[in-house]
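For reference, the structure is listed below as C-alpha cells.
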Amino acid sequence: MATLYDQYGNPIDLGRLKEEQAGPTVTGVRQVISGHPAQGLNPARLASILREAEDGDPTRQLELAEEIEEKDLHYQGVISTRKRAVTQLEITVEAASDQAEDIKAADLIRAWLDRDTLQDEMFDILDAIGKGYSFVEIDWDVSGNTWLPKGLEWRDPRWFTFDRADGKTPKLIGAGGQQEDLAPYKFIHHKAKAKSGLPVRGGLIRGVAWMYLFKNFGLKDWAVFLNRFGMPLRVGKYGAGASEQEKETLLRAVRNIASDAAAIIPDGMMLEFIESKITGNVDGYERWCEFLDKQVSKGVLGQTLTTEVKGGSFAAANVHNDVREDIERADAAQLAATVNRDLVRPIIDLNLGQRARYPRLRIGRADQVDLAAFMPAVATFVDLGGKVSASEIRDKLGLEDPDVDDDLLRPRGTTAEPPPLGLPPPAAASDDLSLAAAGDREGPLRDEVDDLADQLDDETTAAMDAMLEQIKEILDGAETLTEAARRIEDIYPGLRPDELAGKIAQALTTADLSGRHEAL
C-alpha cells in the first residue's frame, strides 16, 4: 500500500494504529485517580483553578467539571439531556456521487454504523459540551483484511494538553510529563464551542462553575437557617438546689432530644419548647437557588421553560423549544463534522485508498417531505428539461440505493418479463429521472412537432415490422440456430435497412426540432 497521509499531511504509521497509545497507567501520569477541587471551593480558589487552565494546566478545571456533573443534579440533568438529544438523532450517510466506487464507500460506512454501542460512543464524544473538548481513541480491528474500528474508547481529557505555542494543537501527556504527538488516524478529537477562543475556555463549565459555587453557599445558609428556625428552641429548667451532675444530665437531654426524640431528666426538672417567631421573607434561599438553576438551564439548553414548569403560554413554549432545537442542530452539525474528519475519512483511506471526495455522515432529524407536493414538482422540473439525480430523490424519500440483484419496482402498466430470445435486454435506466415521455402530451399542449413525431413513430414501426417478418420466416424454416444465423447473414443485404435508417434520421431531426421548440 502506498504511503497514506492524514488530513493534516502527516504520514500514517499502520503499525502504530494497532497499538494503544493513550491507555491509563498505574504509576505514570495517566492515572484514573482524580482530585476533588470542589471540596472547600471558594471564589478565590475557583478563580485560581480557571487561571491555571488558561496558563496551560487544565487538570483541576477538568476535575471540577467532573465533580459538578456528579454533585449538582440540575446540571447533570440538563447536560445529559443536551447530549442524549443528539445521540438519538438519525444518522445518514450520503455518497459523494452516483459512481459505483463512491456508493461502495458510503455502504462501507453504513455497515459499520450498524452497531449497538454507537449511542454510548457518541455520548462519550459529546463530553466536550461541558468540558470544551474530548478525546476518544479508535481501537482498530484488522481481521479479515479490513480496517474497521471495533471500539471507540473514551479517554480522560486530563491526560491531554495543548501546544503552548498556539493553544490549539492537542498533545498527549507521556512519561515524565513530556508532550507526545497524537498518532494520525488514532483519535477522535471533538471541540464543542460554547464561545469562540481557546479550547480550554470553550466549555460550559467555566460559567457553570460560578453558579455551582454560589448555589453551594446558598444551600449551606439555607440548611443553617432551617436548623435554627425550623425547630423550636429547647429550654431546660432546674431547681435552685440542683447539683452539677444534674445540670449536665439536663443539658445532654436538651441537646439530644432533637435527634433522639426522647430524653430522661431528674424529677423536679422540666423541658420547655419555645416556637421560633420568624418575620420577613423566609423563601429567599429557595428563590436564590432557583435563580441560579435557571442560569444554568439558559447556559446549557438556551431556555428555561422545558425545565421549569410554572405556567407560560403555548406560544412561549414553542419559542423555547425552537431555541433548544437550534442548539441541538448546532451540536449535531459539530459532531458530524468531527466524525467525518476523524473517523469516516480514516475508514475510507485505510480500506479503499485516498480520494478527492468522501461520503458524508449527517446527524439530524429527518426532513419532513410533503410527497404530495414534492414529487409533482420534481416531475414538472424534469419535464421542463431539468436533470435530477435519482440518488438525491431516494435520499429525500429515505430510500437506500438498490443493489444490482434487487427486485426493483416498476411503473404501473409495465411488466418484468424477460426480453424475447435473441434480443438484447433493455438498457438500464439512467440515474437522471425522466418522469414523462415526449409522446404522452395530450390536449392543448400538442403542436405540429408532436404530430410529426407520432407519424414517424408509426412509419418506423412499419419498417421494423417488415425486417422482423423476414427474420421470422428464416427462423421458421431453419432446423438449427446455426443454420438460421448463416441464412440471415446471407440475406443481410436484402433486409433493406436503408428505409429504417432514413426513418431514424428523421426521428433524430424531429427530436432536435422539438427540443428547440420547447426551449423557445
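If R0 is 22 Å, the Cβ-Cβ spacing of Trp222 and His36 corresponds to a FRET efficiency of close to 0.45. Rounded to 0.05, the FRET efficiency of the Lys396 and Arg255 pair, given R0 = 56 Å and the Cβ-Cβ distance, is 0.15. Approximating the spin labels as points 7 Å out from Cα along Cα→Cβ, the Lys237-to-Val404 distance works out to 10.4 nm.
Farthest toward the positive end of the dipole of region 27-133, out of Gly56, Leu108, Pro43, is the Cα of Pro43, where the dipole comes from beta carbon charges about the Cα centre. Of Ile91, Thr146, His74, which is farthest on the positive side of the dipole of region 58-170, counting Cα position, with +1 on Lys and Arg Cβ, -1 on Asp and Glu Cβ, and the Cα centre as origin? The listed residue farthest towards the positive side: His74. Basic side chains Lys and Arg get +1 at the Cβ, acidic Asp and Glu get -1 at the Cβ, and with that the dipole of region 1-121 about its Cα centre reaches some 380 debye.
Magnitude of the charge dipole for region 52-120, about its Cα centre and with charges confined to Cβ atoms of Lys, Arg (+1) and Asp, Glu (-1), is about 380 debye. Charging the Cβ of each Asp and Glu at -1 and of each Lys and Arg at +1, and nothing else, the dipole of region 80-237 about its Cα centre rounds to 1800 debye.
Using C-alpha pairs below 8 Å separated by at least 6 residues, the relative contact order for region 3-99 is 14 percent.
For the pair Asp283 and Glu19, label points projected 7 Å from Cα toward Cβ lie 6.4 nm apart. Sorted ascending by nearby beta carbons within 10 Å, beginning with the fewest, Tyr8, Tyr285 become Tyr8, Tyr285.
Loop-located GluC sites (Glu not before Pro) across region 127-220 with a Cβ neighbour count of 11 or fewer within 10 Å are lacking, with loop assigned by DSSP. Between Val388 and Gln119, the FRET efficiency from the beta-carbon distance, with R0 = 25 Å, is close to 0.15. Taking amide H atoms as placed 1.01 Å from N in the peptide plane, the amide H of Phe187 lies under 5 Å from those of Ile138, each 5 or more residues away in sequence or on another chain.
Selection among Ile393, Ala379, Pro359 by position relative to the dipole of region 345-403 gives Pro359 as farthest towards the positive end (Cβ unit charges, Cα centre).
FYI, it's all coordinate maths here, none of it is from the lab. Everything numeric in this text was worked out from a predicted model, so none of it was measured. Positions of Cβ are backbone-derived with ideal geometry, glycine not excepted, and every protein chain shown enters the neighbour counts.
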